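The values are calculated or read from the model by the stated rules, or taken from the named source; none is laboratory data. Note that the coordinates shown come from a computational prediction; the quantities given were computed from them, not determined experimentally. Please note: Cβ atoms are built from the backbone with ideal geometry, for glycine as well, and neighbour counts cover all protein chains shown.
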Amino acid sequence: MARDTLVLCALETTAYPYPSRDRQGAVASHDGSLAENRSLTVAARFVATVPGHYSGLMLSEESISSDEIGSADRRSILGRSPEIVEGYLREMNEPAFRARQVIEWIYRHGAGEFSEMTNLSKRLRQRLTDDWTLFESQIVNRAESSDGTVKLLLQWRDRSTSECVLIPDGVRRTACISTQVGCPVGCRFCASGIDGLQRQLSAAQIVEQAMRVQQLCGREDRLSNVVFMGLGEPLANFDATVDALRTINADWGLNVGARKITVSTVGLAPRIRQLADLKMQITLAISIHAPDDDLRKQLIPWAAATSLDELIDAGRYYFQKTGREVTLEYVLLAGVNDQPDHARGLARLSRRLRSTVNLIPYNPVPELPYRCPSPSAMQSFLLGLREAGVNVHLRRSRGLDIDGACGQLRRREALKR
Ligand code: SF4
């Protein structure tokens, strides 16, 4: 069962460009090598390098049965490039411009069903419906905050769930999206990591979250920003994350400017360099959360694998390759990392990297012992950094009344079941 399950997981993200009725399954093995699946292979290899987390990935094999996954014959069309859609339509002797029509229906007009694509023949619409899925997820919970933040809990065909969020701010419309179901990193203060990693999300599923948030904006409003800061570690699902980035950025896709897209990582140095080499102009945010390795290891288990010195080097490499200044994210935890010494250490790190610092007030999770510092303590911390010459911003808490912390809505729903 475990092997079958992993094969089906692999099929979700294999490189098959479009539905083919004689396609064979991907090959999977239990030693961490998953042939024909770049995303899972990268994740399996990566997770295998971090003590105690390989078993988390193996657990996910057993937690999803093949019945729950459903048919793999119909694949998501989201994230397929115009060339791939054109290739599929050519096999049906459809002219090349049909691909542009289909893509426009998806990303410009926000079609939820192929049947809405009224300038296509009925026969073609039916064939598209038979071969592809457009939206795979169901919205199983929607929470709206008094500050306008809207959080959606999406359920996939295997009944796993992930969160995506719309954060409106003036004219800005930001989507916060997830890259994994659960998270293998297990930061001590975060709801997403409590139960570990369940599985990777495919590129299509990552794009689908941004599309769901676009739907929340309505037809007159467009997404202006996308942040990969939801559940999961994006760089531990590297290929799917990069494929999704390309679709979100593409002029035929969601057309969000690269500089308006942020990928947040706890800091996987080799993957940061790999991302830098792609020269995509996106913003890289490194979650530091502590000014020294000892405290960082206490808060972020994966910090045991990468020192702050290595992260600073990787961040410098990112700047050299892309010209984009790196952001350091620092969640403020009362009595843990909010003292004047911590501010001085953070200022030193920021100067070494010539980075901007974002201070994030902690959004409490009821099961966890951490608390947000008082407003005056946060202001003191901010001033300490400013006086040290750091370009620093204190973020506003959003969605406090709707389980605003990352993974919290998903966890609450899971506990109800
Ligand atoms: S803070 Fe981010 S990396 Fe850490 S457990 Fe939560 S989702 Fe994972």
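Restricted to strands (runs of 3 or more DSSP E) entirely inside the range 142-191, those with at least 3 residues that are within 12 Å of the ligand (Cβ to nearest atom) and assigned by TED's automatic domain parsing to the domain that holds residue 254 are 180-182.
Examine the range 270-282 for a residue that is under 18 Å from residue 78 (Cα atoms) and either surrounded by fewer than 24 Cβ atoms within 10 Å (Cβ to Cβ) or at pLDDT below 95 (or both), and state whether such a residue exists. Within the range 270-282, none of the residues are under 18 Å from residue 78 (Cα atoms) and either surrounded by fewer than 24 Cβ atoms within 10 Å (Cβ to Cβ) or at pLDDT below 95 (or both).
Does residue 310 meet the test of being closer than 18 Å to residue 229 by Cβ and modelled with pLDDT of 95 or more? No: the conditions fail for residue 310.
Entry remark, the range 230-270: residues being part of a helix (DSSP H, G or I), of a type in the set (A, V, I, L, M) and in contact with a helix residue (DSSP H, G or I) (Cβ under 6 Å, 6 or more places away or on another chain) number 7 in total.
Within the range 273-302, the set of residues being within 19 Å of residue 351 (Cα to Cα) and of a type in the set (A, V, I, L, M, F, W, C) comprises 284, 285, 286, 288, 290.
The requirement of being more than 14 Å from the ligand (Cβ to nearest atom) and either outside the structural domain of residue 257 (by TED's automatic domain parsing) or of a type outside the set (A, V, I, L, M) (or both) is not satisfied by residue 297.
Of the set (1) surrounded by fewer than 14 Cβ atoms within 10 Å (Cβ to Cβ); (2) in a helix (DSSP H, G or I), all apply to residue 389 but (2). The lone criterion from (1) within 9 Å of the ligand (Cβ to nearest atom); (2) more than 24 Å from residue 260 (Cα to Cα) left unmet by residue 199 is number (1). Residue by residue through the range 331-364, note down the ones that are touching a Phe, Trp or Tyr at 6+ places or on another chain (Cβ under 9 Å) and under 22 Å from residue 262 (Cα atoms). Correct list: 331, 332, 346, 353, 354, 355, 357, 358, 359, 360, 362. Selection of the range 113-134 for residues being surrounded by fewer than 19 Cβ atoms within 10 Å (Cβ to Cβ) and touching a residue at least 60 places away in the same chain (Cβ under 8 Å) yields only 131.
Among the residues of the range 200-229 satisfying the criterion of being surrounded by fewer than 24 Cβ atoms within 10 Å (Cβ to Cβ) and in a strand (DSSP E or B), which is nearest to the chain's Cα centre (by Cα)? Selected residue: 227.
When residue 331 is tested against (1) surrounded by fewer than 23 Cβ atoms within 10 Å (Cβ to Cβ); (2) in contact with a His (Cβ under 6 Å, 6 or more places away or on another chain), only condition (1) is not met.
Annotation for the range 243-265: no member residue is over 29 Å from residue 81 (Cα atoms) and either out of contact with any Asp or Glu (no Cβ under 8 Å at 6 or more places or on another chain) or away from the ligand (no atom under 14 Å from the Cβ) (or both).
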